Structures are given as structure tokens and as C-alpha cells.
1. Test Thr106 against the stated conditions and say whether it is touching a strand residue (DSSP E or B) at 6+ places or on another chain (Cβ under 9 Å), open to solvent by 10 Å² or more (accessible area, probe 1.4 Å) and on the phi < 0 side of the Ramachandran plot.
2. Could you please find all residues in segment 261-300 being outside any loop (DSSP other than H, G, I, E, B), open to solvent by 20 Å² or more (accessible area, probe 1.4 Å) and modelled with pLDDT of 95 or more?
3. Determine if segment 110-121 includes at least one residue that is in contact with a Phe, Trp or Tyr (Cβ under 6 Å, 6 or more places away or on another chain) and either open to solvent by 10 Å² or more (accessible area, probe 1.4 Å) or without any contact (Cβ under 8 Å) to a residue 40 or more places away in the chain (or both).
4. Determine which single condition Ala243 fails, assuming it passes every other condition in (1) open to solvent by 40 Å² or more (accessible area, probe 1.4 Å); (2) modelled with pLDDT of 90 or more.
5. Tell me, please, whether a residue that is modelled with pLDDT of 95 or more, charged (D, E, K, R) and either more than 23 Å from Glu182 (Cβ to Cβ) or open to solvent by less than 10 Å² (accessible area, probe 1.4 Å) (or both) can be found in segment 78-92.
6. Kindly state which helices (runs of 4 or more DSSP H) lie completely within segment 132-209 and contain at least 3 residues that are open to solvent by 10 Å² or more (accessible area, probe 1.4 Å).
7. Within segment 216-240, take every residue that is open to solvent by 10 Å² or more (accessible area, probe 1.4 Å) and among the basic types (Lys, Arg) and give me the one that is modelled with the highest pLDDT.
8. List the pairs whose first member sits in segment 129-158 and is among the polar types (S, T, N, Q), whose second member is in a loop (DSSP other than H, G, I, E, B), and whose Cβ atoms are under 7 Å apart, counting only residues at least 6 apart or on separate chains?
Amino acid sequence: MASKLLNHCHLRALCSTHVFSPRFPHPTRATLTLLHFRPFSDAPSSPPPEKPQSYNNTRNDIGMEKSPTQTLSSLKELELVKFASIAETWWDSEGPFKPLHVMNPTRLAFIRSTLCRHFRKDPNSSRPFEGLKIVDVGCGGGILSEPLARMGAAVTGVDAVEKNIKIARLHAELDPVTSTIEYCCTTAERLVEEERKFDAVISLEVIEHVADPAEFCKSLAALTIPDGATVISTINRSMRAYATAIIGAEYILHWLPKGTHQWSSFLTPEELVLILERANITVKEMAGFVYNPFTRRWSLSDDISVNFISFGTKNAQ
């Protein structure tokens, strides 16, 4: 089933002439007839473009130094300020980041399965990632970095928001196992400049918040060793995602602060596949996340119409 999904995404990405334009007036529909996905209509026009931000100052509003060589791909100013304002709530499982806490076990199940299969590790081991160097790009308060460290990985967590890194460090110090995590207030671009390399590069729910997804993915690829792994999760730019992830989650259920997401910044699965291919990453597996309101749990699914996650490998050069 997963191979059918990927073959379809590759075909759509290669055959669509408009799929890679910077901003799209209408989303490509992610309906997969082979999988009997429910179709959805073209979404309405995207919201008005955000006002351009000034990057002339040497420090931004959240206290992070700006390097002349930093690109805008991981320094979208409004996004940094937005997440800095709620940084203290990262480990509040009932706070603004509750959806990520609830989704975390399912995200980790996908990561465990794909990385163990790729690196030939025992998925039944309590520390299956022993010997692997993993970077969590956009780590926030460390809610993904910590379980990765407990599974044996040598983890580096990076985030452009200094408050997030401070919270992550404080929480990690509570456990000797997680205290080994290397947390850095920096960007993927800076790690590339430092010539850092990792067996696996993971960036979950981040790419929809950057200014240039293509450049961001190039940085992720540069951090990945040849035949290493890259895992990215995000939200599909579909009408259904607009209804659930924005209208439902932000304005009706209040799971997230209003304005957390911009529909125009979402990527379709086909677009992400093509972006990664141009960055020398071949997507091998893709899955969707589906929420059950009765059990209040997320599960992996073939339905990629809203939340989805991809696993790819860097082509050997």
C-alpha cells in the first residue's frame, strides 16, 4: 500500500507542470484512487500574503543573534515571535502544544519503524537507535528529542528560538538519560556551515513555518550522510486540512492558538516529494495521521489528506 502511494506521488510530482510554483492558487488534490481516498474540492484562494519582515537589525525580537549568512528559510520572523510567546508551555500536556503531545506516540511509531528497517536495527529493543546520530531540527521544548535519546540515539536538538532551547535544557536535566542531548539555539543552515553530519535528520511540523521550504530541505539534505535518513511531517494544503487543522483546531476546538498555521504555507505530498527529490532525497514511505475523537488518539493511516509524514533516504553521491 505504501509503495502504491509513493509511486502515485512521484508520478503526480513529475507530471504536474505547476506543482513547484512558489505559491499555488489552488491545491493539487491528494485523492488517490488506488487507495479509495475521499476526494475534496479545490480550496478557496489563499489568505492575503504576509507583510515582508525587516531583517536589518543584528538581533531579533526574541534575542537571537542574526548571522549575515543566515537565510530566511528558518528565520521567518513572525513564526519565531509566535512560538517564543508560548515557549514556557512546551511540557504542559494540556496547554497549546497538547496536540503534539497526543500525536507524539504515533510520530515515534513511524520513526521507529522506518529507521529500524533502514538501519537494520531491532525494533523490539528498548534502545533500537543505539549508535545513531540524530538531529531534531525545530526541536521546540524537546518533546521529540527526549524519547529519541531514551531509545539510544545521540541526539542534537536545534531551534531558532532561544526560549525553546532553555526550556528543553531544563527539562532534559531532570533525567540522566536525556541530559546527554546536545541542545543548540541555531538553524539548520548554521549546522551546514559547521559541516555537521547525522545518520538521520528529523523535522516534524516545522516546514510549514519556514519561508523557503526548498532551501530548508536543501539544508536538511546537506546535514544527512549519504544513504542516511530524512523524516519530515507537515500538513497537506487541502480544503479538508483548512477545515480541520485551522478552522476546527484553532477557532472551534481551541486546540491551538489562533494564527498558528497559514493555509498558504502548507505543502501537498506531491510538492514535498518533488522538493526533496531536488534536494537529493528520495522519499521511500509516506503515511497519514488520523485522529479518533472517541479514543482521543492518533493512528497511522493511508489517508494523507490532512496530516502526513514522509521517510526518505539521501542518494549516495
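The values are calculated or read from the model by the stated rules, or taken from the named source; none is laboratory data. Because the structure is predicted, anything quoted here is derived from the model rather than measured. Cβ sites come from the backbone with ideal geometry, for glycine too, and all protein chains shown count toward neighbours. Calculation scope for accessible area: heavy atoms of the full protein, side chains included, ligands and nucleic acids excluded. Shrake-Rupley method; radii C 1.70, N 1.55, O 1.52, S 1.80 Å.
1. So Thr106 fits the description; yes.
2. Those that are outside any loop (DSSP other than H, G, I, E, B), open to solvent by 20 Å² or more (accessible area, probe 1.4 Å) and modelled with pLDDT of 95 or more: Glu277, Arg278, Thr282, Lys284, Glu285, Ser299, Leu300.
3. No, because not a single residue in segment 110-121 is in contact with a Phe, Trp or Tyr (Cβ under 6 Å, 6 or more places away or on another chain) and either open to solvent by 10 Å² or more (accessible area, probe 1.4 Å) or without any contact (Cβ under 8 Å) to a residue 40 or more places away in the chain (or both).
4. Among (1) open to solvent by 40 Å² or more (accessible area, probe 1.4 Å); (2) modelled with pLDDT of 90 or more, Ala243 violates only (2).
5. Scanning segment 78-92, I find no residue that is modelled with pLDDT of 95 or more, charged (D, E, K, R) and either more than 23 Å from Glu182 (Cβ to Cβ) or open to solvent by less than 10 Å² (accessible area, probe 1.4 Å) (or both), so the answer is no.
6. Counting at least 3 such residues, we get 162-172, 188-193.
7. Once the filter is applied, the top-ranked residue is Lys218.
8. These pairs meet every condition: Ser145/Cys139; Ser145/Ile181.
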